[in-house]
Amino acid sequence: GAVVSQHPSRVICKSGTSVKIECRSLDFQATTMFWYRQFPKQSLMLMATSNEGSKATYEQGVEKDKFLINHASLTLSTLTVTSAHPEDSSFYICSPRTSGSTDTQYFGPGTRLTVL
Amino acid sequence: TQLLEQSPQFLSIQEGENLTVYCNSSSVFSSLQWYRQEPGEGPVLLVTVVTGGEVKKLKRLTFQFGDARKDSSLHITAAQPGDTGLYLCAGNAGDYKLSFGAGTTVTVRA
């Protein structure tokens, strides 16, 4: 199967700081990147969708100025949580989608963010 | 409100028993996926179903897609402790965004 990496896998930061999460598709090109957030014992909630070279589209209730998404290349996308607060503590998962695929998305291993 | 309703939310069974997880919606999906997720990891794709009435088997797992492409089920035969995990169904309504069900936490006791 396709290989997707996320870095870091875990991060602990102080309230008010910013955290950048990287997502790389290692053996394919991702024209579309989805970013999800998952709270404990809950399902995945879509935060935003980005296409390479374009601005991300955010889901309702997700602050675009707080969660900065960059999809500068077909193999790399980043999510920056700015001025993080404890309520931002969650499991963040990227999900790249290849062009021409038939509705199958690949998922990264996730990043556990804990904001103190 | 979730587009996809999964049931049950929790399932705890003894090793060797069978189990079924259901995924229902009032919407029609062009495709539906089932994933299994372990704590601290991303979801891993188990199967994709695209045709109404389709049945797919993956060893002890059997997946069905409803005739109207609104519902699906996952059946595990002779469950093993290694089947423990969070099972998620996710549907694509045609806009390339996956909508996830709330998930079913399955625990198989040895």
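The values are calculated or read from the model by the stated rules, or taken from the named source; none is laboratory data. Since we're looking at a predicted model, the values are computed, not measured. Ideal geometry is used to build each Cβ from the backbone, glycine not excepted, and the neighbour counts take in all protein chains shown. The accessibility values were calculated without ligands, DNA or RNA, using every heavy atom of the protein model including side chains. Shrake-Rupley method; radii C 1.70, N 1.55, O 1.52, S 1.80 Å.
Details
- Some residue of segment A:65-74 being of a type in the set (Lys, Arg), out of contact with any Leu (no Cβ under 9 Å at 6 or more places or on another chain) and farther than 26 Å from A:Leu116 by Cβ: no
- Subset tally (residues that are closer than 19 Å to A:Pro109 by Cβ and either in a helix (DSSP H, G or I) or open to solvent by 30 Å² or more (accessible area, probe 1.4 Å) (or both)) for segment A:70-96: 3
- Scan segment A:18-33 for residues that are open to solvent by 40 Å² or more (accessible area, probe 1.4 Å) and not in a strand (DSSP E or B) and the total you get is 4.
- Any hit, segment B:63-84, residues being within 12 Å of chain A (Cβ to nearest Cβ), open to solvent by less than 30 Å² (accessible area, probe 1.4 Å) and at negative phi: no
- In segment B:19-33, residue most open to solvent (accessible area, probe 1.4 Å) [restricted to those that are among the hydrophobic types (A, V, I, L, M, F, W, C) and away from chain A (no Cβ under 12 Å)]: B:Val28
- Segment A:34-63 - residue that is at pLDDT below 90 and under 14 Å from A:Arg97 (Cα atoms) and, of those, surrounded by the fewest Cβ atoms within 10 Å (Cβ to Cβ): A:Asn51
- Residue that is farthest from the other protein chains (Cβ to nearest Cβ) [pool: residues in segment B:85-103 that are surrounded by fewer than 23 Cβ atoms within 10 Å (Cβ to Cβ) and farther than 19 Å from B:Val28 by Cβ]: B:Gly85
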